[in-house]
There are 6 protein chains.
Amino acid sequence: MQIRYVIPGPMSDTVGNAEVARREDLLRSWAAPDVELRVQDLPTGPASIESIYEEQLAVPPLVDALPGLEAEGVDALIVGCFDDPGVDALRELARRTLVVGPGAAAMHVASVLGGSFGIVTVPSPTATRKLVLTERLDTRFVDVGLVDIPVLGLRDDVEATFEAMSDAGQALVARGAEVIVLGCMSMAFLEIDHELGARTGVPVVNPAKVALGVAELLVRAGQMPSRATFPPPPKLTNRAGSAR
Amino acid sequence: MQIRYVIPGPMSDTVGNAEVARREDLLRSWAAPDVELRVQDLPTGPASIESIYEEQLAVPPLVDALPGLEAEGVDALIVGCFDDPGVDALRELARRTLVVGPGAAAMHVASVLGGSFGIVTVPSPTATRKLVLTERLDTRFVDVGLVDIPVLGLRDDVEATFEAMSDAGQALVARGAEVIVLGCMSMAFLEIDHELGARTGVPVVNPAKVALGVAELLVRAGQMPSRATFPPPPKLTNRAGSAR
Amino acid sequence: MQIRYVIPGPMSDTVGNAEVARREDLLRSWAAPDVELRVQDLPTGPASIESIYEEQLAVPPLVDALPGLEAEGVDALIVGCFDDPGVDALRELARRTLVVGPGAAAMHVASVLGGSFGIVTVPSPTATRKLVLTERLDTRFVDVGLVDIPVLGLRDDVEATFEAMSDAGQALVARGAEVIVLGCMSMAFLEIDHELGARTGVPVVNPAKVALGVAELLVRAGQMPSRATFPPPPKLTNRAGSAR
Amino acid sequence: MQIRYVIPGPMSDTVGNAEVARREDLLRSWAAPDVELRVQDLPTGPASIESIYEEQLAVPPLVDALPGLEAEGVDALIVGCFDDPGVDALRELARRTLVVGPGAAAMHVASVLGGSFGIVTVPSPTATRKLVLTERLDTRFVDVGLVDIPVLGLRDDVEATFEAMSDAGQALVARGAEVIVLGCMSMAFLEIDHELGARTGVPVVNPAKVALGVAELLVRAGQMPSRATFPPPPKLTNRAGSAR
Amino acid sequence: MQIRYVIPGPMSDTVGNAEVARREDLLRSWAAPDVELRVQDLPTGPASIESIYEEQLAVPPLVDALPGLEAEGVDALIVGCFDDPGVDALRELARRTLVVGPGAAAMHVASVLGGSFGIVTVPSPTATRKLVLTERLDTRFVDVGLVDIPVLGLRDDVEATFEAMSDAGQALVARGAEVIVLGCMSMAFLEIDHELGARTGVPVVNPAKVALGVAELLVRAGQMPSRATFPPPPKLTNRAGSAR
Amino acid sequence: MQIRYVIPGPMSDTVGNAEVARREDLLRSWAAPDVELRVQDLPTGPASIESIYEEQLAVPPLVDALPGLEAEGVDALIVGCFDDPGVDALRELARRTLVVGPGAAAMHVASVLGGSFGIVTVPSPTATRKLVLTERLDTRFVDVGLVDIPVLGLRDDVEATFEAMSDAGQALVARGAEVIVLGCMSMAFLEIDHELGARTGVPVVNPAKVALGVAELLVRAGQMPSRATFPPPPKLTNRAGSAR
């Protein structure tokens, strides 16, 4: 099974190849033995995603990457941003590659583990709140807990980041969250989720691990997204002349 | 008051300048006397929007157009697509221009007129359904009623289009819709909303008229979107170096 | 366009003609140039509305006033109480005059500006909470923030009123409100909404301005409330003999 | 225990004393042995309630009747209209008499009997739909089923009325209703609820029986409505000078 | 009318006959004069119910007791545990005996008394939260307030229990609860509900009193649960051979 | 990784060992290469589960089996009934074995694949409807589609079963279901899910495959259910003397 984790921006340029490789190593360590996992970044797109504006910037390069991934025979593509930018568009366009968003996957898996969840993430949370609404999980959702550190600085002082995440998580637990979801993929690769679970006393759902697991289970079960929800764009299929 | 209606694609190329001018004339006829209204299209973007993929294509040219509109002193920008693509990103970026989406405006105005509404639109409806969810109007929403005619062909045979829209609208009324919302901007400029209201027996909300009215009232009241919901992207404001 | 703002009680007697005139001047300053706006009070009804009981007292004089307003050719009637007393009954009875309630209008316009809202108002809030439910906006609604000053005393010490409203508003923002709605029409005429917006950091929706704007846009668009929701009372239309 | 069932209109004049007495006999036959039950109508108010307008007309005479009932030592007052007009206002005003609305009582009792319910009633249903929303039972509510017979004509041909009610009820059951609620008090006194249950195959909740039962149980348990929800009107309690 | 209150465990062994008799005396004092009320416990089952595991243990002895109760001609069986364990199964199996759960009854009666409610109970609250969801009253539900005293120790120091319940109740009121529901049957027999109401300022709903009242009213109205919701188990009715 | 699929009843006696072995073979074929999967049935419990009563019968033998599975070092236990009987109780009791219910798992995975789902199952659906509510997925849920064949007869004529399931599924799709979930574990082992997907045009989620995949991903991610939701029963942990 071939799974590709796509970072929606030029991380090898902005942060460096080592970080891309580190994430690939971690994902491989979390995968089943028969999974062939690769991480790739994209030539353009935002340096990091901290606004809806940057989410929108990430979509065109994702769309551009899709045909190549399909040609390679990739079974599942994970979009490496918690708010699932581009997932719906990619699902409309994809012919054989399953597209998975870590945000939807993590929130539904959190729902299997407990009665309610909160999301520890970075500002601004509007896109995350809208994802909770479109996943229709708002009645389980306690709130976001915000960590005010730039995404690209989360690893600068992991101890400080951990403390800020603990504070945000504990405040959510005090308000009723029975599960914590990490709402930022850079948090997912800090290797602190189990320690955060010990600190907060509730399960901490890592969206990278869980997106991988959901991709695996859907590929194994032979499942693709519903064409009733994500039909192919009509101008690309029915009539001559594309929209581009 | 200066209001700009922006068509998110190169309509003057694909359909022709006359159609752009016709829409401008209609909008002017619907505006208050002190409104200076102009319609403009964009140099790139999709020929029409019939998929989430095409909505995403429309966002970068909208973002690119914003600084010019702000420099011109435009008070309000109406994004000319019912599903409100790019509205959230534009609101994050805008400093003085109010951004209005016709979909949210039309659904909330429909809610003032009756207890429930249905939306007559073209396939595919997933983006529209998600807008209903993020506007949190799903408990008023009966369903979409689909008219299977390409957007660019809606004016080819207005009589046939009207009949198809009537069928869709009457089916929604039979299922409990007390108001009909037109869910496609090309439908909004067909000048058939009052006739459709007479046929279906319920109010038909025209998203172009209503987006204009909401823009007017917000400008008059001096209201801008909440910065708590739509903060400026941090990398554009707090730190050197843009995400682009 | 003729719009009438009706104060549901004998304000010219209890508070004085000057206050009625002051409100008329403010509304005129907020209206589009082609709007002919008048304010009128009613010969009977409560001195102010601070209970559901008083809301009910306001309805018969509103109903009695309707035929005269229709005969005068009034295009839109705004009921000058936030909880929209009598609006549904008036809509059933009206033949050509559009009836607008400021509460529903303000809450739907607030929904266009941000993700959630709170309402700063005077006790008791049960009617306001029920209006939130019947408008089906409870999933956006944070809570009411109560200012414990009698309605007729709000202007006695505007500074103190402003401070109490700020405290209530800031508490709502701390609990997640991204927009504040003023939930009392006497608050709407204090001319402090923009200052309150500056203090709380979120948009403050003034129900008087917004009800006026919604009335204008609906009249311009030729829209009336749905007869499927508000049919004429059968005994007044189908059979001889009225219910009164 | 003294329970008073108040018909909100001059039924002894419009329909006659015999009908008032018949309803009293039925209610007595449904009550516990220690209940002293009386039915009374009011000197003014609508002949029947088939619109929100008429519901509003019913409130002032109900309010006027309250002090006398309290002086008589009535333990519970049942408002004899399914949509519960005036119940909230009466609860604000009442000092020792419990006020019960048959609509809320019947919908909550229906919820104890099955997973979902539909309401068989007469047009127009908007007030009933709003009651479902304010009782927050909309997720259990299938729909109304309308019987297009004037309220005052329901007993003219009971067989025809029963057939129309059966048709409406069976249609609701086919759409998922697991319980039927009679949504009109004149239907409640037709003595056909058990026959309708046999015909439709689901329990039929009679709002007159159930309002009586809820009044009994609340009086026995010493329960009054929450003063947090229904505080006394401030001008009647705190300050000199009433609103009337 | 014969009503049986069944304690789902061997209370006469674990706590003693006197407590069973005390509860019977209290229930009789709360019943209408024509009610023949008896309390009985069961030979097996948990000593007290403080977990979902113990709720499940309580169901088989309840099921075993049902045929005897039906043979005795019992009109209504009240399951003496707030979370209503076994009520759905018993309703499927019962042929003539009405089965009432105090949790559903108490939450719906609380809904008749005020706009929102909180539940004062003992840990763990997951079963109670799920009952709120299946009763679909979550939009009225503020939260549980937990009293960390073992169920079998609630009467050891009633004063301390009362203070702990008051603290929990007042905290719920501060968070918006307009009614308090006692969420544990051992709390219902402490005879402190009216005192708790005086302390918290809101009505306190006693599930024992209310379950009794709901049972009475349903028996008087001749109502049984919907067979559309609770059909008889097919293997017990249609085919030879039981599942046991 | 050791995963145990537990059939909650004596299937080897009632249906035979061959069927147990057949299900084990299928589950092994669906698992990742490093999963050690075994199926086991229980010495007592219902022959099949077609009622809430039978679900309750299944719980005590499941509880009795848990200590042995924990002693064996089983990583995850899948309860082999769609309505997830006993899952909450087992989660309270389990110390190291993850407990997974196929119903919750299947509905959340269906939510990842499309906007709405329907459930094809056997009567009676009340427990399934309640599971939808406690999973808080009712706003995505279209309805159940019932196949009126006894569970133990589903394999007697697979062609007829397939046609009945297709009819039920197509009816759900016509009412808006964008994904179909199989709501009965005996349906999950019919090996017809992909054929049913082809027939209905939407993804068909197999709860056996998906429960297995969710168990795998949670074990790989080191996740256990929240102790805030499922605390250990206090009498088993804090105090001497068990409830049994």
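In debye, nearest 20, what is the charge dipole magnitude of the protein assembly as shown about its Cα centre with +1 on Lys and Arg Cβ and -1 on Asp and Glu Cβ, if you could check? It would help to have the intermediate numbers written out before the result.
Working: 126 positive and 192 negative charges, 0 e Å.
Using Cβ point charges on Lys, Arg, Asp and Glu, the protein assembly as shown gives about 0 debye.
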### Query
What does the charge add up to near D:Val179, with Lys and Arg as +1, Asp and Glu as -1, over the other residues with Cβ less than 11 Å from its Cβ?
+1
### Message
Between F:Asp64 and B:Arg96, what is the label-point separation in nm under the 7 Å Cα-to-beta-carbon projection?
### Response
8.0
### Task
Can you list the distances in nanometres, one decimal and ascending, from the D:Asp167 label point to the identical position in each other copy, with the point 7 Å along Cα to Cβ?
2.8, 2.8, 6.2, 6.3, 6.8
#### Entry: Separation between Cα centres of the range B:155-188 and the range B:76-92, rounded to whole Å
24
### Message
Compute the angle between helix F:102-113 and the longest alpha-carbon principal axis of chain F, please, reported from 0 to 90 degrees and rounded to the nearest 10.
### Response
50
#### Entry: On Cα atoms only, tilt of C:158-174 relative to the major axis of chain C in degrees
80
### Query
Assigning unit charges at the beta carbon (Lys, Arg +1; Asp, Glu -1) and nothing else, what dipole magnitude in debye, to the nearest 20, does the range A:103-206 show about its Cα centre?
500
### Message
Explain nothing, just the number: dipole magnitude of chain B about its Cα centre with +1 on each Lys and Arg Cβ and -1 on each Asp and Glu Cβ, in debye rounded to the nearest 20.
### Response
1100
### Query
How much of the DSSP beta bridge set in chain B is antiparallel, as a percent to the nearest 5?
0
### Summary
E:Gly197 neighbourhood, Cβ < 14 Å, K/R = +1, D/E = -1, net charge -1
### Summary
Longest principal axis of chain F (C-alpha) makes with the long axis of helix F:52-72 (C-alpha) an angle, in degrees to the nearest 10, of 50
### Query
Rounded, prolate or oblate: which fits the range D:13-124 when a ≥ b ≥ c are the square roots of the eigenvalues of the alpha-carbon gyration tensor, with rounded for a/c under 1.5 and prolate only if a/b beats b/c?
rounded
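At a 10 angstrom cut-off on C-beta neighbours, averaged per residue, how do the peptides E:180-188, D:38-46, A:109-117 rank from highest to lowest? Could the numbers behind the result be given before it?
Details: E:180-188: 28.1, D:38-46: 19.3, A:109-117: 25.3.
The densest-packed peptide leads the list: E:180-188, A:109-117, D:38-46.
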### Distance in nm between pseudo-label sites at A:Thr237 and F:Glu24 (7 Å out along the Cβ direction from Cα)
4.4
### Task
Report the residue, chosen from B:Leu212, B:Leu77, B:Leu57, that carries the largest GNM mean-square fluctuation when chain B is represented by alpha-carbon nodes joined by springs under 10 Å.
B:Leu57
### Query
Got the relative contact order for the range B:1-86 handy, in percent, Cα pairs under 8 Å and 6 or more residues apart?
42
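Let's test the formula: R0 of 41 Å, r as the Cβ-Cβ distance of A:Asp156 and B:Asp34. What FRET efficiency results, to the nearest 0.05? Let's see the in-between values first.
On the way: r = 53 Å, r/R0 = 1.30.
E between A:Asp156 and B:Asp34, to the nearest 0.05, is 0.15.
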### Query
Mind checking the mean number of beta-carbon atoms from other chains within 10 Å of the Cβ atoms in B:128-137?
6
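Please give the average number of partner chain Cβ atoms lying within 10 Å of the Cβ of each residue in D:82-91, rounded to a whole number. The partial results should precede the final answer.
Values: counts 0, 0, 0, 1, 3, 1, 8, 8, 3, 5.
The per-residue average across the peptide is 3.
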### Query
Average partner chain C-beta neighbours within 10 Å, per residue of E:168-179?
2
### Message
Among C:Leu77, C:Ser29, C:Ile49, whose Cα projects farthest towards the positive end of the dipole of the range C:1-95, with charges put on the beta-carbon of Lys, Arg (+1) and Asp, Glu (-1)?
### Response
C:Ser29
### Query
What's the percent breakdown of Cα-Cα distances in the range D:110-244 across 5 Å bins, shortest bin first?
2, 10, 16, 19, 16, 12, 8, 7, 5, 3, 1, 0
### Message
Over chain E, with a Gaussian network built from C-alpha contacts below 10 Å, which listed residue (E:Ile149, E:Ile78, E:Ile119) shows the highest mean-square fluctuation?
### Response
E:Ile149
## Note on the structure
When the charge dipole of chain B is computed with +1 on Lys and Arg Cβ and -1 on Asp and Glu Cβ about the Cα centre, the Cα farthest towards its positive end, among B:Val210, B:Ser166, B:Gly176, belongs to B:Val210
### Message
Going by Cα centres, the range B:118-134 and the range A:4-62 are how many Å apart?
### Response
31
### Summary
1/(1 + (r/R0)^6) with r = Cβ-Cβ of D:Ala198 and F:Arg175, R0 = 35 Å, i.e. FRET efficiency to nearest 0.05, evaluates to 0.75
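Which net charge results for the neighbourhood of A:Arg155, defined as the other residues with beta-carbon distances under 12 angstrom from its beta-carbon, given Lys and Arg at +1 and Asp and Glu at -1? Walk me through the intermediate numbers first.
Numbers: positive: A:Arg22, A:Arg23; negative: A:Glu19, A:Asp156, A:Asp157, A:Glu159, A:Glu191.
In short, -3.
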### Candidate lysines for bridging to B:Lys130, where Cα separation is under 21 Å - those fewer than 8 sequence places away on the same chain excluded
A:Lys130
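Bear in mind that the values in this text are calculations on the coordinates, not laboratory data. This is a predicted model, so every value here is computed, not measured. Using ideal geometry, Cβ is built from the backbone for each residue, glycine included, and neighbour counts are taken over all protein chains shown.
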